[in-house]
Amino acid sequence: DAKTTQPNSMESNEEEPVHLPCNHSTISGTDYIHWYRQLPSQGPEYVIHGLTSNVNNRMASLAIAEDRKSSTLILHRATLRDAAVYYCILPSGGGADGLTFGKGTHLIIQP
Amino acid sequence: KAGVTQTPRYLIKTRGQQVTLSCSPISGHRSVSWYQQTPGQGLQFLFEYFSETQRNKGNFPGRFSGRQFSNSRSEMNVSTLELGDSALYLCASSFLPGQGIANYGYTFGSGTRLTVV
C-alpha cells in the first residue's frame, strides 16, 4: 500500500466541524483513498472512500485534492461518540495484501 | 442484518497451548480476512480467505493458520502460543475479495481478546 502520513492526534470541541488531514504523495492513479475509524474496544469501522471526486455520506465527507496527494476527512458536527482513532488507507493491488493500517489520528472531542 | 460475529470475545491461554478463534461473516459475504492488533505493532494483516481458499497471507509465522468453511465462516488457529501472541484478533468480511476496496469497505467484528500467560 502507498504510504500515508497523518497527525498523531487532534482535539476538537463537540458540535464543531473537524478536518482530519492525510498526506499520500506517492499515491498511484488507481489507488482508492479509504478512511476507517476505531472506537475504543471495537473493531475498525468503515467511514468513507473515494478515488478522485469529493464524496459525502451520512457519516462524513471526503475532500480529495486535485493532485490526489492529500485528502481531508470532514466530520461536519463532531459528537463525543466520534472520539476514535481515524485511519487513512490506500489499499493497492485490489487489497491483495490486506489493508495496511498506520498509526492513525487519535481524535479527542471535548464537551 | 447481523454484523460480523467473533467468538469468543475473551480468551486466556497458557504459553505452549493452541487456540482456535471463530468468525461468522455478514450473511452473503464470502471473503473473510484476519488481523492482529497489538499496542506495539498496531493492526497487521494475517490472511484472507475466499471460497474456502487462502488468497494471501501476511508476514506471520506458520504457527498462524486458518480455514474457511463452505458457509463462509472462518476459523484461525494459533499453535504453540507465545506471550507475544497476546493481542486483539479481528476478522473482517466483504462480499468478494477486493470489493472492500472499490465498493463499500470491509466490515470488522469486535474481535477476540487473547491473553497468553
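Read-outs throughout are calculated quantities, based only on the coordinates presented, and are distinct from any laboratory measurement. What you see is a predicted model, and the numbers here were worked out from it, not measured in a lab. Cβ placement follows ideal geometry from the backbone for every residue including glycine, while neighbour counts extend to all protein chains displayed.
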>> With unit charges on the beta carbons (Lys and Arg positive, Asp and Glu negative) and the dipole taken about the Cα centre of the stretch A:1-48, which residue among A:Gln42, A:Ile27, A:Asn13 sits farthest to the positive side?
In response: A:Ile27
> What residue among A:Leu99, A:Leu75, A:Leu90 has the largest mean-square fluctuation in a Gaussian network model of chain A, using Cα springs under 10 Å?
Replying inline: A:Leu99
> How large is the dipole of the protein assembly as shown about the Cα centre if only Lys and Arg carry +1 and Asp and Glu carry -1, each at its Cβ, rounded to the nearest 20 debye?
Replying inline: 640 debye
> Averaged over peptide B:37-50, how many Cβ atoms belonging to another chain are found within 10 Å of each residue's Cβ?
Replying inline: 3
> Order of B:108-114, B:25-31, B:43-49, A:8-14 by packing, highest average Cβ count within 10 Å first?
Replying inline: B:43-49, B:108-114, B:25-31, A:8-14
> Over the protein assembly as shown, with a single point scatterer placed on each C-alpha, what log10 of the ratio I(q)/I(0) does the Debye formula yield at q = 0.10, 0.17 1/Å?
Replying inline: -0.45, -1.22
> Which ³J(HN,Hα) values in Hz, rounded to whole numbers, follow from the phi angles of the stretch A:77-84 under the Karplus curve 6.51 cos²θ - 1.76 cosθ + 1.60, where θ = phi - 60° and Gly and Pro get x?
Replying inline: 8, 5, 10, 4, 6, 8, 5, 5
> What average count of beta carbons from other chains do you get within 10 Å of the Cβ of residues in A:39-46?
Replying inline: 6
>> Given Cβ point charges of +1 (Lys, Arg) and -1 (Asp, Glu) and nothing else, what value in debye, to the nearest 20, does the dipole of chain A about its Cα centre take?
In response: 100 debye
> In peptide A:28-35, how many Cβ atoms from other protein chains are near each Cβ within 10 Å, on average?
Replying inline: 2
> Give me the log10 of I(q) over I(0) for chain A at q = 0.15, 0.19, 0.22 Å⁻¹, as the Debye formula computes it from C-alpha points; what are the numbers?
Replying inline: -0.58, -0.94, -1.24
> Near B:Cys91, within a Cβ-to-Cβ distance under 11 Å, what is the net charge of the other residues, with Lys and Arg +1 and Asp and Glu -1?
Replying inline: -1
> Rg and Dmax of chain B, using alpha carbons, in Å: what are they?
Replying inline: 13.4, 41
